[in-house]
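Asker: Submitted below is the structure of interest, expressed as structure tokens.
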Amino acid sequence: MFWLQTAIFTILVLCLSWWVGKRRRYRNAGLILPICITLFGLILLISSFFIGRWEGIALSISSVSIILASMICLIIVTGIQFLKKDDPS
């Protein structure tokens with residue numbers, strides 16, 4: 001279940017990053033979204049320790065999945081931008 005959740009979050013963040021990158025004409029607009037989602041996942045992870053019990057465990061698993069998915073997306077988006085750097089268009 002964890003890997004399925006991570007895969008869904010990865011696809012979702014990649015699509016949102018692509019959409020933000022196409023909507024904004026700034027070169028690094030697609031990088032901002034995975035960074036913000038990583039910070040959101042870290043905040044969720046810290047807050048899961050204060051919730052405790054089973055709800056806290058479920059929240060920490062979801063937050064680790066969000067952090068992992070956004071890091072994967074950050075690597076993919078950075079690699080695509082690095083490869084597009086040589087493209088004149």
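The values are calculated or read from the model by the stated rules, or taken from the named source; none is laboratory data. In this text, all values refer to a predicted model and were calculated from it rather than measured experimentally. Side chains are part of the model used for accessible areas, which takes the heavy atoms of the whole protein and leaves out ligands, DNA and RNA. Shrake-Rupley method; radii C 1.70, N 1.55, O 1.52, S 1.80 Å.
Asker: Could you tell me what fraction of 2.2 N^0.38 Å the Cα radius of gyration of segment 40-89 comes to, as a two-decimal ratio? Provide the component values of the computation, followed by the final result.
Answerer: On the way: Rg = 16.3 Å, N = 50, 2.2 N^0.38 = 9.7 Å.
Segment 40-89 yields a ratio of 1.67.
Asker: So what is the relative contact order of the chain, in percent, for Cα pairs below 8 Å that sit 6 or more residues apart? Walk me through the numbers on the way to the answer.
Answerer: Values: 80 pairs, mean separation 33.3, N = 89.
After rounding, I find 37 percent.
Asker: Moving on. Just the number, please: Stokes-Einstein D of segment 1-86 in µm²/s, Kirkwood Rh from C-alpha pairs, 37 °C, 0.692 mPa s.
Answerer: Details: Rh = 13.5 Å.
Approximately 244 µm²/s, per Stokes-Einstein.
Asker: Treating the angle as unsigned and between 0 and 90°, give the value, to the nearest 10°, between the Cα long axis of helix 2-23 and the longest Cα principal axis of the chain.
Answerer: 40 degrees
Asker: Carbon and sulfur atoms: what percent of the 1.4 Å accessible area of the chain do they account for? Mind dumping the intermediate values first?
Answerer: Values: 4970 of 6660 Å².
In the chain, the share of accessible area belonging to carbon and sulfur is 75 percent.
Asker: Can you give the extra length, in nm with one decimal, that the chain gains between Ile61 and Ile32 once fully stretched, where that is 0.36 nm per residue apart less the Cα-Cα distance? Write down the numbers at each step before the final one.
Answerer: Details: separation 29, 0.36 × 29 = 10.44 nm, distance 2.35 nm.
Roughly 8.1 nm would be gained on extension.
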